[in-house]
Amino acid sequence: MKITLMNASPKAEHSGSQQLIDRLIPFLKGDEYGILPVNPQMKEDMAVKAVLASDAIVIVSPIYISSLPSSMLALMDVIEARVHRKELKVAAILQCGFYEAENTELAMELIKQWCRQNEYDFLGGIGFGGGGALLGMKDMPTGKMFLKQLPQAYEALYQSLHDGQEKENYFSIAMPKWLYTFAADHNWRSMIKASGLHPKDLAAKPKIPNA
């Protein structure tokens with residue numbers, strides 16, 4: 001099987017989406033794959049050629065305001081206009097900064113409806129909550145500690161690609177919510193201080209002159 005893995009993150013290879021792709025690859029078990037960075041500079045013809053040469057595409061994306069990045073939405077419009085293949089298989093791996101994985105459900109439904117409209121074969125995928133911690137876990141083995149749910153989800157995704165059965169798995173990073181929130185707050189404060197500011201500056205309001 002030929003699979004195109006679409007990295008829809010604007011951060012490209014320096015992203016949680018790319019890390020999820022890198023962790024997925026060992027579970028593809030010999031399938032032929034290619035990685036397509038989705039960004040405004042992407043050549044439309046190259047993207048269409050990659051999709052036409054694939055048996056399946058996997059959209060790997062962060063969630064922005066319950067939807068996909070604009071460059072991914074634009075590519076979906078291009079595929080809709082230029083790829084007319086009922087047998088095209090489509091799956092997704094979506095991750096959000098919120099702890100709760102259900103924040104990815106609306107974007108997953110968007111992809112599902114897009115597939116239905118174009119008669120593509122939607123196979124479900126993975127909705128991952130707590131994606132904001134991924135970049136800090138680059139050296140953590142897949143399946144260990146906070147990433148212990150990933151292997152089972154990847155196996156289910158691989159199975160869906162091959163048996164054509166839709167499966168959706170939603171789960172949060174395997175750490176308590178309070179710990180995830182604490183780590184996120186600490187990271188924000190560190191970034192603020194590195195910029196020469198103080199955490200209280202987050203509450204600053206612009207001065208509006210009198211009319």
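ALA91: surrounded by 17 or more Cβ atoms within 10 Å (Cβ to Cβ), of a type outside the set (D, E, K, R) and at pLDDT 95 or above, yes or no? The answer is yes for ALA91. Being small (Gly, Ala, Ser), modelled with pLDDT of 90 or more and over 21 Å from SER54 (Cα atoms) holds for only one residue in ALA107, ALA156, and it is ALA107. If the condition is being out of contact with any Ser or Thr (no Cβ under 9 Å at 6 or more places or on another chain) and closer than 11 Å to ILE93 by Cα, then region 1-20 contributes LEU5, LEU20.
Count of region 45-58 residues, restricted to those that are assigned to a strand (DSSP E or B) and among the β-branched types (Val, Ile, Thr), is 2. Looking across ILE3, ILE35, one residue alone is touching a residue at least 12 places away in the same chain (Cβ under 8 Å), within 17 Å of ALA156 (Cα to Cα) and of a type in the set (Val, Ile, Thr). It is ILE3. Taking region 90-147 as the range and being within 14 Å of the chain's Cα centre (by Cα) and hydroxyl-bearing (Ser, Thr, Tyr) as the test, only THR104 passes. Scanning region 59-107 for residues that are in a helix (DSSP H, G or I), free of Cβ contacts under 8 Å to residues at least 60 places away in the same chain and under 24 Å from ILE25 (Cβ atoms) returns MET76, ILE79, ALA107.
The values are calculated or read from the model by the stated rules, or taken from the named source; none is laboratory data. Please read all numbers here as calculations on a predicted model, not as lab measurements. Note that each Cβ is placed from the backbone with ideal geometry, even for glycine, and that neighbours are counted across all protein chains shown.
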